[in-house]
Each structure stands twice: as C-alpha cells, then as structure tokens.
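Quick notes on the structure that follows.
The values are calculated or read from the model by the stated rules, or taken from the named source; none is laboratory data. Here the structure is a predicted model, which is why all the values come from computation and not from measurement. All Cβ positions, glycine included, derive from the backbone under ideal geometry; neighbour counts span all protein chains shown.
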C-alpha cells in the first residue's frame, strides 16, 4: 500500500512520482530534437512517455511549464560542458569553452534553440534563472577573470564578455540556420578553426 502512495498510475505505465516528471522531460526533449518546437505538445510528450494525456498535469500546469523544465535541464548540461572545458591558461580556456559552446549546439540543436526561445518559456522560473545565470557568470569569469563583478546587465565592465558571447552565439546560430559556409558546415573541426580566427579578432 505504501508503494502505491508514492507512485502514479498514468495509463500504460506506472511511474514513481519523481520519475514521471523526468520521463516527461525526456519525452519532450526527444520531440524537440526530432520535430522542433512546432511539433511539441503536452499530449505528444505524454504519448511518447507512454502515459495518459492527463499525466503531465501532475507536474506541469501547461506546455510552457514542461518546455521550461526541458530548457532548464539544457542549461544545466550546457553549463557542465562549458565548465569541463579548461586549458592550461586563460586564453586556451576561453578557446576551449567557445568550442564547447559550438559543440553543444551542433549535437543538440533543437534543445539549444529552445533554450533561447524566451517567448516559449517561463522566464520567472527560479530553477531556469539559476541555470541560465550560472552559464553567463561562468562565461564572464572566463573572459574577465575569477574576480569579475558587475552591477547591472548594461554595466560597461561587461563589454568584453558581451562582445565574445555575441560573436560566438551569432556564429553558432548562423551555422544552425544554414549560413552559406559551404561544406565547412558539415565539418565541426573546420568550424572550430573558423571560430578561432574570429576569436583572434577580439584580441
């Protein structure tokens, strides 16, 4: 009886209460990668997870809630990937973290696009805000040093960080959107070489 109190029977499958949320996030993420945001719905996520259409209501009020959870997990993984990319000195760490930025987008394009679709997400969700801010703060410390501080988003001290971020993100989105870089777009290593050349322009 106790086990039943901690589980939710949702159609074809029975999930432990905590596992249902994770299963729906996984299912929604698969849909985003397979079909893009246009192919996403709560009903489609429930179907892919093998649960009833009503199951998402146990954890998410609406599609925005599930999309926000997916994007939040994306930012956590994104931050982990960037944090793991280190070099023997500050310059090499910057380059490796920019490469990690590009790699993440190339291997998870649907998720990466969703992470920046503010209109589809709950931008007041505390977990999402924490995960996204972690990535920005890590980027800022990488560019300006571990003791970097700022007081507001338009703080002039952030200019070097914003310049680098804008360049890397802009280049990444150009690649994802099919910019006319010829067959280079099919070769991640050549793309990284292009990115290195762009980084060199920042000094």
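How many residues, within the stretch 148-183, are assigned to a helix (DSSP H, G or I) and either closer than 24 Å to residue 203 by Cβ or touching a strand residue (DSSP E or B) at 6+ places or on another chain (Cβ under 9 Å) (or both)?
Residues flagged as assigned to a helix (DSSP H, G or I) and either closer than 24 Å to residue 203 by Cβ or touching a strand residue (DSSP E or B) at 6+ places or on another chain (Cβ under 9 Å) (or both) within the stretch 148-183 amount to 20.
So that you can scan it fast, the table gives a plain yes or no per residue for (1) within 30 Å of residue 42 (Cβ to Cβ); (2) in contact (Cβ under 8 Å) with a residue 60 or more places away in the chain; (3) under 10 Å from the mean Cα position of the chain (by Cα); (4) surrounded by fewer than 18 Cβ atoms within 10 Å (Cβ to Cβ):
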position	(1), (2), (3), (4)
77	yes, no, yes, yes
90	no, no, no, yes
99	no, yes, no, no
107	yes, no, no, yes
112	yes, yes, yes, no
117	yes, yes, no, yes
129	yes, no, no, yes
146	no, no, no, yes
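So which helices (runs of 4 or more DSSP H) stay within the stretch 59-147 end to end and still have 2 or more residues that are farther than 27 Å from residue 202 by Cα and outside the structural domain of residue 44 (by TED's automatic domain parsing)?
63-84, 109-115, 126-144
Do we have residue 11 as at pLDDT below 95 and under 19 Å from residue 117 (Cβ atoms) here?
When the stated conditions are applied, residue 11 does not pass them.
Could you please find all residues in the stretch 53-72 being more than 21 Å from residue 132 (Cβ to Cβ) and surrounded by fewer than 17 Cβ atoms within 10 Å (Cβ to Cβ)?
Once the filter is applied, which keeps residues that are more than 21 Å from residue 132 (Cβ to Cβ) and surrounded by fewer than 17 Cβ atoms within 10 Å (Cβ to Cβ), the stretch 53-72 yields 53, 54, 57, 58.
Taking the criterion of being buried (at least 17 other Cβ atoms within 10 Å of the Cβ), in the same structural domain as residue 106 (by TED's automatic domain parsing), in contact (Cβ under 8 Å) with a residue 60 or more places away in the chain and in contact with a helix residue (DSSP H, G or I) (Cβ under 6 Å, 6 or more places away or on another chain), would at least one residue in the stretch 152-162 satisfy it?
No.
Return a yes/no flag: does the stretch 167-175 have any residue that is at positive phi, exposed (fewer than 15 other Cβ atoms within 10 Å of the Cβ), outside the structural domain of residue 37 (by TED's automatic domain parsing) and out of contact with any helix residue (DSSP H, G or I) (no Cβ under 6 Å at 6 or more places or on another chain).
Checked against the condition, which is being at positive phi, exposed (fewer than 15 other Cβ atoms within 10 Å of the Cβ), outside the structural domain of residue 37 (by TED's automatic domain parsing) and out of contact with any helix residue (DSSP H, G or I) (no Cβ under 6 Å at 6 or more places or on another chain), the stretch 167-175 yields no hits at all.
Take the stretch 184-203 and flag every residue that is in a helix (DSSP H, G or I) and surrounded by fewer than 14 Cβ atoms within 10 Å (Cβ to Cβ).
186, 189, 193, 196, 197, 200, 201
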